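**Student:** Dropping a structure here in structure tokens format, bear with me for questions.
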6 protein chains.
Amino acid sequence: MQKARRKKASPFPPEVLAVFEDIKRTRNVPDVNNFWKYLARNPALLARTWQDVKQVMAPGALDPLLKEMLYVAVSVTNGCGYCIASHTAAAHKAGMTEAMFGELMAVVALANATNRLANGYRVPIDAMFEP
Amino acid sequence: MQKARRKKASPFPPEVLAVFEDIKRTRNVPDVNNFWKYLARNPALLARTWQDVKQVMAPGALDPLLKEMLYVAVSVTNGCGYCIASHTAAAHKAGMTEAMFGELMAVVALANATNRLANGYRVPIDAMFEP
Amino acid sequence: MQKARRKKASPFPPEVLAVFEDIKRTRNVPDVNNFWKYLARNPALLARTWQDVKQVMAPGALDPLLKEMLYVAVSVTNGCGYCIASHTAAAHKAGMTEAMFGELMAVVALANATNRLANGYRVPIDAMFEP
Amino acid sequence: MQKARRKKASPFPPEVLAVFEDIKRTRNVPDVNNFWKYLARNPALLARTWQDVKQVMAPGALDPLLKEMLYVAVSVTNGCGYCIASHTAAAHKAGMTEAMFGELMAVVALANATNRLANGYRVPIDAMFEP
Amino acid sequence: MQKARRKKASPFPPEVLAVFEDIKRTRNVPDVNNFWKYLARNPALLARTWQDVKQVMAPGALDPLLKEMLYVAVSVTNGCGYCIASHTAAAHKAGMTEAMFGELMAVVALANATNRLANGYRVPIDAMFEP
Amino acid sequence: MQKARRKKASPFPPEVLAVFEDIKRTRNVPDVNNFWKYLARNPALLARTWQDVKQVMAPGALDPLLKEMLYVAVSVTNGCGYCIASHTAAAHKAGMTEAMFGELMAVVALANATNRLANGYRVPIDAMFEP
């Protein structure tokens with residue numbers, strides 16, 4: 001009873017807490033970041049999103065650092081403030097130096113520019129690039 | 001005169017041809033791809049774009065394969081058909097295997113999805129992600 | 001002078017106030033939201049935008065709730081913070097439950113992901129989908 | 001020769017064929033559309049994408065027609081040609097009439113316009129729209 | 001019967017034909033372009049869209065050439081193939097030279113690049129840019 | 001010690017300060033805005049970006065006001081908050097009136113809407129718009 005007074009009941013249902021536990025264990029972090037807490041409003045969406053993130057971001061043919069850098073490139077292109085902040089942090093944690101970040105940004109800026117040049121000049125695809 | 005009959009005059013002015021030569025030499029290719037031929041309508045834009053591409057895509061803190069994969073990630077996110085075709089070809093040439101491409105696509109798809117979840121749930125940035 | 005003390009002169013010209021009145025009457029709200037107040041800097045744009053919103057969002061072949069949910073889907077995809085906030089509120093007011101919002105977000109996330117998979121794999125359109 | 005006549009070797013490995021079978025059974029269609037055939041180059045991506053599509057697009061708090069219309073709204077906003085073609089077909093199959101499509105398009109166009117007006121006028125979010 | 005041979009019945013209802021006539025008269029062209037013919041599937045959307053285009057693109061504080069160039073800038077940024085083709089043609093008709101197009105494209109490419117640099121570096125807005 | 005009191009050591013290396021000086025001289029401003037200070041984390045990217053901006057935004061076939069308005073159109077379409085704020089300020093400084101801004105916004109909104117109508121109705125490009 002005293003304990004109950006000291007400890008606020010968690011606002012999250014058990015299926016959400018189970019996902020949170022798996023995130024914390026997998027990433028070895030003391031708490032989940034806001035993204036997961038907000039998704040928790042819809043437990044099925046939370047669970048599915050975490051399953052996808054867990055599988056896709058695991059080491060495979062590409063290492064985790066490269067994957068985080070790709071994530072940053074997409075998030076910067078889309079202008080998603082939250083994702084830029086969280087995945088830039090994750091990329092730095094995975095080993096991205098400031099110099100690497102600068103080159104990543106240079107490629108992202110250049111690709112966004114040349115994408116529009118190809119659009120605007122209506123460049124036809126060269127035969128050698130066809131499958 | 002005879003020579004003139006045998007050899008069609010190039011439709012490109014000298015400053016354009018100089019850029020084309022530098023592209024061919026730098027990339028060790030027999031001809032430039034359509035992108036550059038279309039940009040040639042505006043020689044100043046062509047020259048500046050090539051200078052940027054040459055500098056940004058050169059090996060540095062990131063290797064060329066990683067840079068090409070970042071280029072693909074941006075182009076796929078923006079839906080630029082020409083750029084997807086040309087930079088996927090360039091990435092394969094630089095060593096990207098089919099398995100690597102599959103994981104690249106998985107990260108790009110996932111990031112495009114979670115970018116929208118962060119937008120839609122209006123997730124505030126965690127203090128730990130602030131600079 | 002006394003009058004001036006009692007009643008602050010409206011900063012908006014009559015043609016703007018007429019639009020504001022129509023918005024308040026149509027939506028049965030005591031005041032217009034910031035979007036309209038900012039557009040008021042350009043009265044012709046304000047009037048035309050309101051006419052479009054009034055016609056497009058009226059009940060028709062689609063009911064207002066579905067229309068608000070489509071609005072949210074577009075705004076989330078584009079990452080427009082103001083529009084996400086205002087149209088999510090409007091959708092909830094029109095009857096969207098938390099469970100409905102969760103599924104809406106799941107579809108928006110999935111579509112943003114698979115749009116990129118179709119782009120990246122350069123999938124040709126099946127004959128059966130052609131008009 | 002006899003062999004060739006009897007059974008053409010399938011180009012797809014068993015784990016891909018299992019996904020194809022589930023798609024055909026779930027949707028009651030004789031063949032899968034190109035999207036799945038192209039994803040098959042990366043079996044893990046194919047399997048995960050189908051699991052997500054199967055779960056997200058199933059009837060729930062939102063009915064399948066509404067979900068297909070949201071899919072169209074996102075795909076049109078992103079300009080994904082393949083997804084527009086396939087999901088417009090799916091929405092029509094699920095009951096979308098021409099009049100409904102016209103109103104869907106009207107909302108998508110309007111939202112894309114007003115998203116930019118909110119951006120350009122830098123409209124602050126009204127207190128009543130804050131959570 | 002003879003009549004039928006001589007004159008094919010128009011596939012468009014009268015309210016659509018009235019819009020087509022206004023477009024042809026306003027632009028002094030012998031026929032409307034495909035965009036309007038496709039929109040005609042939904043007459044209310046067609047009529048409203050034409051009213052907006054007619055008002056917005058008319059000479060005002062900005063001249064028609066500048067308006068067409070802005071249209072091209074947006075269409076190139078969004079990667080809309082149809083709109084790039086039709087509005088580049090319209091801009092050329094309104095007086096855009098090749099040199100002007102080259103500089104337009106250079107600005108569009110640069111803005112798309114620096115937009116991402118501002119996103120990625122999370123640059124805070126300077127006090128002097130605040131309203 | 002006295003020196004330290006009089007002159008705080010600049011946090012920027014000489015190659016960055018040289019770029020800052022050129023920006024201040026070219027634009028005749030007492031300080032550079034935040035964009036350049038943040039880019040300074042990567043001096044090579046800073047130098048190249050400034051070279052591009054300096055060349056592209058200089059008067060040419062298009063005047064600086066028109067170029068700033070194109071910049072605003074792109075930034076509004078992409079929803080880049082920083083760029084909208086800084087380039088709207090620059091456009092006003094270059095002579096853009098409120099009425100001109102209103103028409104710019106009207107064109108940007110309209111183009112974003114009709115881009116999606118062309119996408120959604122899958123409008124084929126008219127032969128007369130082909131190069």
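**Student:** Mind listing just one residue for me: the one in the stretch C:6-16 that is assigned to a helix (DSSP H, G or I) and modelled with pLDDT of 95 or more and, of those, farthest from the chain's Cα centre (by Cα)?
**Tutor:** Ranking the candidates gives C:14 first.
**Student:** Something else now. Among the residues of the stretch C:107-118, is there at least one that is touching an Asp or Glu at 6+ places or on another chain (Cβ under 9 Å), farther than 28 Å from residue E:131 by Cα and hydroxyl-bearing (Ser, Thr, Tyr)?
**Tutor:** Taking every residue of the stretch C:107-118 in turn, at least one turns out to be touching an Asp or Glu at 6+ places or on another chain (Cβ under 9 Å), farther than 28 Å from residue E:131 by Cα and hydroxyl-bearing (Ser, Thr, Tyr).
**Student:** Among the listed residues B:52, B:63, identify the single one that is out of contact with any Cys (no Cβ under 7 Å at 6 or more places or on another chain), of a type in the set (Asp, Glu), at pLDDT 95 or above and surrounded by fewer than 19 Cβ atoms within 10 Å (Cβ to Cβ).
**Tutor:** Unique residue meeting the criteria: B:63.
**Student:** For the stretch A:23-38, which residues satisfy the criterion of being assigned to a helix (DSSP H, G or I), away from chain C (no Cβ under 14 Å) and either closer than 20 Å to residue A:94 by Cα or polar (S, T, N, Q) (or both)?
**Tutor:** Scanning the stretch A:23-38 gives A:23, A:24, A:25, A:26, A:27, A:34.
**Student:** (1) outside any helix (DSSP H, G or I); (2) touching a Ser or Thr at 6+ places or on another chain (Cβ under 7 Å); (3) farther than 26 Å from residue F:51 by Cβ: which one isn't true of residue B:61, the others all being true?
**Tutor:** The failed condition is (3).
**Student:** Pairs needed: first member in the stretch D:86-110, within 15 Å of residue C:59 (Cβ to Cβ); second member anywhere, among the hydroxyl-bearing types (Ser, Thr, Tyr); C-beta distance under 7 Å; at least 6 residues apart or different chains.
**Tutor:** The qualifying pairs are D:107/C:71.
**Student:** So which residues in the stretch C:88-100 are touching a helix residue (DSSP H, G or I) at 6+ places or on another chain (Cβ under 7 Å) and at the interface with another protein chain (Cβ under 8 Å from one of its Cβ atoms), if there are any at all?
**Tutor:** Residues satisfying the conditions are C:88, C:89.
**Student:** Give me a count of the residues in the stretch D:75-100 that are part of a helix (DSSP H, G or I), within 16 Å of the chain's Cα centre (by Cα) and either more than 17 Å from residue E:75 (Cα to Cα) or at pLDDT below 95 (or both).
**Tutor:** Matching residues across the stretch D:75-100 total 12.
**Student:** Condition first: more than 8 Å from every other protein chain (Cβ to nearest Cβ) and farther than 26 Å from residue E:97 by Cβ. Now tell me which residues in the stretch E:48-68 satisfy that.
**Tutor:** E:50, E:51, E:54 - these are the residues of the stretch E:48-68 that are more than 8 Å from every other protein chain (Cβ to nearest Cβ) and farther than 26 Å from residue E:97 by Cβ.
**Student:** Further question on the same structure: Being touching a Cys at 6+ places or on another chain (Cβ under 9 Å), under 25 Å from residue F:120 (Cβ atoms) and either surrounded by fewer than 19 Cβ atoms within 10 Å (Cβ to Cβ) or within 14 Å of chain B (Cβ to nearest Cβ) (or both): is that true of residue D:79 here?
**Tutor:** It is true that residue D:79 is touching a Cys at 6+ places or on another chain (Cβ under 9 Å), under 25 Å from residue F:120 (Cβ atoms) and either surrounded by fewer than 19 Cβ atoms within 10 Å (Cβ to Cβ) or within 14 Å of chain B (Cβ to nearest Cβ) (or both).
**Student:** Ok, one more. State all residues of the stretch B:105-131 that are more than 10 Å from chain D (Cβ to nearest Cβ) and assigned to a helix (DSSP H, G or I); if no residue qualifies, say none.
**Tutor:** Within the stretch B:105-131, B:107, B:108, B:111, B:114, B:115, B:117, B:118, B:119, B:120, B:127, B:128, B:129 qualify.
**Student:** Related question: Do the conditions hold for residue D:41, that is, is it assigned to a loop (DSSP other than H, G, I, E, B) and out of contact with any Pro (no Cβ under 7 Å at 6 or more places or on another chain)?
**Tutor:** yes
**Student:** Please state which of the following conditions residue D:112 fails to meet, knowing it meets all the rest: (1) farther than 24 Å from residue A:44 by Cα; (2) surrounded by fewer than 22 Cβ atoms within 10 Å (Cβ to Cβ).
**Tutor:** (2)
**Student:** If you don't mind, there's one more thing I want to ask. Out of B:72, B:108, report the one residue that is within 20 Å of residue A:106 (Cβ to Cβ), of a type outside the set (D, E, K, R) and in contact with a Ser or Thr (Cβ under 6 Å, 6 or more places away or on another chain).
**Tutor:** B:72
**Student:** Only one of (1) at the interface with another protein chain (Cβ under 7 Å from one of its Cβ atoms); (2) touching a helix residue (DSSP H, G or I) at 6+ places or on another chain (Cβ under 7 Å); (3) part of a helix (DSSP H, G or I) is not met by residue E:19, so which one is it?
**Tutor:** Exception for residue E:19: condition (1).
The values are calculated or read from the model by the stated rules, or taken from the named source; none is laboratory data. Predicted model, so just to flag it, every value in this text is computed and none were measured. Note that each Cβ is placed from the backbone with ideal geometry, even for glycine, and that neighbours are counted across all protein chains shown.
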